[in-house]
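Note sheet for the following structure.
Read-outs: derived from the displayed coordinates by stated rules, not from any lab. Quantities reported herein were computed from a predicted structural model and do not represent experimental measurements. Here Cβ is always computed from backbone atoms with ideal geometry, including for glycine, and neighbour counts include all displayed protein chains.
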Amino acid sequence: MILTESQKKYLRGRGHQLKPIITVGNAGLSESVLAEFETTLAHHELIKVKVRSGDRDVRDQIIKQLCDNQSAILVQRIGNIALLYRANPDKKPEARLRIPSS
């Protein structure tokens, strides 16, 4: 799924008040972090992830790995906080996060 700029803008607005739910520590991605990320993303659809790494390249690699492994879309990254989105088609239609069409 590819998001348009207007859809990303809408999601950034929705994600502004969110607090980071998942924190990736200096140890990197473990199986338990990936499992928690999967369940949290399936439930919320739009989450913030905090990556605690001093090296920008490592931080970007971890965020890219989360997006690639879980089919999530990076909406925005500011510093060590990433806003990620993935629609959940298994949720009831009234419980899904509705984004405007392009």
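Here's the yes/no breakdown for (1) in contact (Cβ under 8 Å) with a residue 60 or more places away in the chain; (2) more than 20 Å from S101 (Cα to Cα); (3) not hydrophobic (A, V, I, L, M, F, W, C):
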site	(1), (2), (3)
R12	yes, no, yes
L29	no, yes, no
F37	no, yes, no
K48	no, yes, yes
S53	no, yes, yes
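Scanning the stretch 1-44 for residues that are within 18 Å of R77 (Cβ to Cβ) and acidic (D, E) turns up just one, E5.
Scanning the stretch 30-45 for residues that are under 16 Å from K64 (Cα atoms) and aliphatic (A, V, I, L, M) gives V33, L34, L41.
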